[in-house]
Amino acid sequence: MIWAVLAGCLWAVANTLTIFAVKDIGLSIAFPLWNANSLLGILWGTLLFNELRDAGPARWLGVWGGAGIMFIGAALLAVASSAHAPGGAGIRGMMAALSAGALWGTMYIPIAKRT
C-alpha cells in the first residue's frame, strides 16, 4: 500500500508541474519535454530491474539509439521554441516540464518494486 501512495504522490506533483510548464512555454513545447519519462523508464528498467539482461546488441542499439534520438529531438525543440517565451519564463517552463517528466518516469519504480 505504501508503494502505491508514494507513486501517487510523485504523479500528483508531476501533474502540478505541468500547469507551470504549459503556462510558460505552451503545450507543444512542454509535451515532448515531459515525455522524457519514457527515457527514465528505459534507464530504470535497465539499471534497477535488469530488463535487458538477455538482449542482444541489436536490441541494445535499438533501445538506446531510439532513446538518444528522442532526447535530442526534445532538446532541440525546447531550445528553439523557448526563445519566443517572455523573460525567464522559457527556462522556468522547460525546467517544470523536465521535472514533471522525471517524476513520472520515477513513479514507476515503486510500482515495479511492488510486483
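Throughout, read-outs are computed from the coordinates displayed, never taken from laboratory work. Predicted model only: the values in this text are computed from it and were never measured. Every residue, glycine among them, receives a Cβ derived from its backbone with ideal geometry; neighbour counts consider all protein chains shown.
Principal-axis analysis of the Cα atoms of the chain puts helix 57-82 at an angle of about 10° to the longest axis.
Hey, if you drop one equal point scatterer on each alpha-carbon of the stretch 1-101 and run the Debye formula without solvent, what base-10 log of I(q)/I(0) do you get at q = 0.10, 0.19, 0.20, 0.23 Å⁻¹? Calculated log10 I(q)/I(0) at the listed q: -0.35, -0.92, -0.97, -1.09. For the chain, take the longest principal axis of its alpha carbons; what is the angle in degrees between that and the long axis of helix 2-25, to the nearest 10 within 0 to 90? With rounding to tens, the tilt is 30 degrees. Packing here is the average count of other Cβ atoms within 10 Å per residue, and on that basis the peptides 18-31, 58-71, 99-112, highest first, run 99-112, 18-31, 58-71.
When +1 charges are put on Lys and Arg Cβ atoms and -1 charges on Asp and Glu Cβ atoms, the dipole computed for the chain relative to its Cα centre reaches about 140 debye. A Förster radius of 22 Å, combined with the Cβ-Cβ distance separating Trp11 from Leu47, puts the computed FRET efficiency at roughly 0.55.
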